[in-house]
Every structure is written in structure tokens, then in C-alpha cells.
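Novice: Below: one structure in C-alpha cells.
What follows draws every value from the coordinates through simple rules; no lab data is involved. What you are looking at is a predicted structure, and each value in this text was computed from that prediction instead of being measured. For neighbour counting, all protein chains shown are included, and Cβ atoms are generated from backbone atoms with ideal geometry for every residue, glycine included.
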Amino acid sequence: MQIRSAALTDPGKVRRRNEDRFVCDDALRLYGVADGIGGLPCGDKAADLAITTLRDAIAASPEGPPPDLVWLTRRVNDAVCSLSARISPHGAGTTLTYAIIRENHFHLAHIGDSRCYRLRGGKLLALTMDHTVENDALRRRAAGEFVLFDESKSEYLARCIGQQMDPDVDTFAGALRPGDRYLFCSDGISKPLGESELHAALANDREPGEILTSLIALANAKGGSDNATGVVVLAE
């Protein structure tokens, strides 16, 4: 199956630094985004190391079945924790949402509040759930736990790359189909834009780079309050 892809990042209109990073590698068929956590120092370094560690690991084994993505993501977490211990007494962290395509199957791993969407058959589906304090509480309540949380901190991250314990990693795997369109994005795109806007952009018969240009322009038109990064993957 043929793949076309593109990636684009923009600092937005408010932030001085861009702490987002991405991987878009057709040779490795590795795609994803990392969004350095702005409330902690060195978010850009955490995101950069997460992407570099991930790419190096996949490049070391570019053929055959995909590696265990939970194990791999936790090794990325170890690398960021080691960096944090050297450079920041307050810690450093990043989101990480990525996928490997092997043998026409899509293998996804996710931590944080970056997102991955799939457009298939005209229907847009979020393949990830934001790991916020609120969503974590709702998940635990659904499992029968009694959980309270501070609503003023509902959008804080409950999971990230850079936490001291092995993080829980969400995974997803499924067959890749001709016509599938995937969007990986940081919250600089997903927060200001609704699913109808994401759907319209992905459904448009344009090149991947043009799709991303339109999404980032729209996010900036709505204030550009955060770094905006996206990766679009089209299966043909």
C-alpha cells in the first residue's frame, strides 16, 4: 500500500518558543507528535529526546513485526526521566502519540493529550483519549472507584512521558485500508478546532501538506494561543 504524508509545525501567535516536535518518516513508516509540557522547564528538550529515542529504536529494527509499543514507550519515558534528573530539579515532560505501519497494519501508542484521528468512509474517529485529570477520574469512576478531583485542574495531564513510574500506555492496532486518512496533532490544533473542521480538512482532496497548512492557519485565525503541530498520513 502506498503512503503519502507531511508534517508541519508553527509556534502560534502567543508562545515565544515552539516546544512541539514531530516524526514523519515514510522509510520507517513512523509518524507522530510530541508536545513538551509548558508548565515544566525544558519541555522542548523532553519532546525532542522523546522523538529522537523513538526514531532511533525503530531504525534499529526497521523490518518485521512492530516492537512492543508499551515497552518501547516506557523506554522513551526512561530516557526523558534521565534527562530531567540531569537538567531540571522540577522535572520535564512531554506528550507522545505515534504509530508504526507494518505489513499494512496501523499500530498506535499514546500518552498525554495530543491526538490521533482517522477518517475512514467519511467518518472521523478519535483513536485516542486525552489523559487529563478529568478523563482519568471519569474512567476510574466507570470502573467503580469513588474519585474526586479539583475541577479547576480538570485539564491538567494525569499521564505524560517523563513521570517517574512506568506510565500506562494506550495502544490501538488495526488493518490499514486504502483511503484511510490519519491526523496526528498537538492540542494547538485539537483545542481550537472542532471535529467538523477537522473532518472538512481531512476529507478535502488535497496534498497532505496543504491539509496541514489549512488547519494551522485556521488555528492561528482563532487566536493561535499554543504551538500547533500536525502530521497527516494518507493510505492509497
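Novice: Would you mind giving the average projected area, over all directions, of the Cα convex hull of the stretch 16-88 in nm² with one decimal? Mind showing how you got there, number by number?
Specialist: Working: hull surface 21.1 nm².
Across all orientations, the stretch 16-88 yields a mean hull projection of 5.3 nm².
Novice: Just how many pairs of Lys in the chain have C-alpha atoms closer than 27 Å, counting pairs that are eight or more places apart or on different chains?
Specialist: 11
Novice: Return the long-range amide H neighbours of HIS131 (sequence gap of 5 or more, or a different chain), with a cut-off of under 5 Å between placed amide H atoms.
Specialist: GLY112, ASP113
Novice: Specify which residue in the list ALA92, PRO65, LEU54 is farthest towards the positive end of the charge dipole of the stretch 54-95, using unit charges on the beta carbon of Lys, Arg (+1) and Asp, Glu (-1), about the Cα centre.
Specialist: Farthest towards the positive pole: ALA92.
Novice: Which listed residue (GLY121, LEU212, MET1) has the Cα farthest towards the positive end of the charge dipole for the chain, taking +1 on Lys and Arg C-beta and -1 on Asp and Glu C-beta about the Cα centre?
Specialist: LEU212
Novice: Kindly give Rg over Rh for the stretch 64-127, based on alpha-carbon atoms, with the Kirkwood expression for the hydrodynamic radius. Intermediate results must be reported in sequence, preceding the final value.
Specialist: Working: Rg = 15.1 Å, Rh = 13.8 Å.
Rg/Rh: 1.09.
Novice: So, one more: Report the per residue volume, in Å³, of the convex hull enclosing the C-alpha atoms of the chain. Show your work: numbers first, answer last.
Specialist: Working: hull volume 30.2 nm³, N = 236.
Value for the chain: 128 Å³ per residue.
Novice: Within the chain, which whole H helices from DSSP have a Cα span along their axis of at least 15 Å and a mean Kyte-Doolittle hydropathy of -1.0 or more, if any?
Specialist: Working: long enough: 43-59 (24 Å, 0.29); 69-87 (27 Å, 0.57); 208-221 (20 Å, 1.09).
Helix filter hits for the chain: 43-59, 69-87, 208-221.
Novice: Relative contact order (percent) for the chain, with alpha-carbon contacts under 8 angstrom and 6 or more residues of separation?
Specialist: Details: 535 pairs, mean separation 69.6, N = 236.
Relative CO of the chain lands at 29 percent.
Novice: Moving on to the next point. Would you mind counting up the charge near VAL23? Only other residues with Cβ under 12 Å from its Cβ, with Lys and Arg at +1 and Asp and Glu at -1. Before the final figure, lay out each step's value.
Specialist: Details: positive: ARG21, ARG29, ARG55; negative: ASP20, ASP25, ASP26, ASP48, ASP56.
Spelling it out: positives minus negatives among the neighbours equals -2.
Novice: Once you charge only the Cβ atoms, +1 for Lys and Arg and -1 for Asp and Glu, what is the size of the charge dipole of the chain about its Cα centre, to the nearest 20 debye?
Specialist: On the way: 27 positive and 33 negative charges, 25 e Å.
Its charge dipole is roughly 120 debye.
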